[in-house]
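This report refers to the structure that appears directly beneath it.
FYI, it's all coordinate maths here, none of it is from the lab. Note that the structure is a prediction, hence the values are computed from the model and not measured. Here Cβ is always computed from backbone atoms with ideal geometry, including for glycine, and neighbour counts include all displayed protein chains.
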Amino acid sequence: MTGDLFAPLTHPEAGTETIAPGAVLLRGFACAEAPALLSGIEAVAAAAPFRHMVTPGGQTMSVAMTCCGSLGWVTDRRGYRYQATDPASGAPWPSLPPAFAAVATAAAEAGGYPGFAPDACLINRYAPGARMGLHQDRDEQDFTQPIVSVSLGLPAVFLFGGPKRNDPARRIPLVQGDVVVWGGPSRLFFHGVAPLRAGHHPAADPLRYNLTFRRAGLSCPS
Ligand code: MD6
Ligand code: FE
C-alpha cells in the first residue's frame, strides 16, 4: 500500500478515480447541481445559522458548521454525537433541500453503493485559513453505509490517510462539483482538509462549502 501511495490513480471509468479501497472521487459529478446546492445551503443557514462548534477538548473549530436532515452532527464539551434538534435553537434541523438527496443517492450509486438513503447532511463552511484536522467519521451507527462528500466554492486540498492517525496522507485537490464517495474498507480511514488558501470563486466568494451526506441512524430501525 505504502509503495503506491503517490502512484497515478486508476480510472475504472472516465471521471472516476479510486483513491482507496472503497473510496472513489467523481470529478465534476455535481457541477450542474452546484447552483441549486448553494441555494439550498442558503435556505438551511437562514433557519439554522452556521456556527463554530467546540470540540470535547475545548477548541473552537475553524470551520463553521450547520446541518440539515432528520439528524445533525454536533460537538460540544460533552462530546460528538448526532441529534434531531439544533442545540442553538432547540428546533428540529431543517429538512434536506430538494436537490440534496437526489445528488447524494446518484453519486453513491455511481461510486458502487446503490440504495444510499441519507438521513443527515453536515454542511461545513471554510474561510481562508480554516482547516479540518485528521479525524475518523465514527459517530454513525452503520459503517456499511458510505459517506458522500460534495465540494462547492473555493478549491481545497483533501488529506486522505489510512486506518492509523499517523499513516501518511495523500493530498487530493478538490474543486466545485467534485464528489467523494467513501465507504467499505476505507470507511474509517483518517482524513482532513488542509488550511484553505485565499482565492476567488464566482459562485461562493471567498469560501468553500462541503456537504457530507451520511446515514447516521440505523437503516432499518428496530
Ligand atoms: C470536508 N470532509 O471536506 C470535510 N468526512 O470539508 C470530511 O470530513 C469527510 O469529505 C467523511 C467523508 C468525506 C468527507
Ligand atoms: Fe470526515
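See the values below:
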| item | result |
| --- | --- |
| Inter-label distance, nm, simple model (7 Å from Cα along the C-beta direction), Ala88/Arg27 | 3.6 |
| Distance between modelled label sites at Arg78 and Ser39, nm, 7 Å Cα→Cβ extension | 3.8 |
| Computed lengthening from Ser62 to Asp139, 0.36 nm per intervening residue step minus Cα-Cα distance | 25.7 nm |
| Cut-off under 5 Å, modelled amide H: who pairs with Leu96 long-range | Gly69 |
| Ranked by how many other beta carbons lie within 10 Å on average, peptides 44-53, 17-26, 146-155, 97-106 from highest | 146-155, 17-26, 97-106, 44-53 |
| Length-normalised contact order of the range 138-191 in % [C-alpha pairs under 8 Å, at least 6 apart] | 46 |
| Two-site FRET efficiency, His201 against Arg165, from Cβ-Cβ distance with R₀ of 35 Å, rounded to 0.05 | 0.65 |
| Relative contact order computed over the range 95-195 (Cα-Cα under 8 Å; 6+ residues apart), in percent | 32 |
| Alpha-carbon spread of the range 54-135, three principal axes, descending order, Å | 39, 30, 21 |
| The chain - Kirkwood radius from inverse mean 1/r over Cα pairs (Å) | 17.5 |
| Summed residue charge, Cβ within 13 Å of Phe190's Cβ, Lys/Arg positive, Asp/Glu negative | +3 |
| Pairs of alpha carbons in the range 143-222 whose separation is greater than 22 Å (percent) | 33 |
| Relative contact order computed over the chain (Cα-Cα under 8 Å; 6+ residues apart), in percent | 24 |
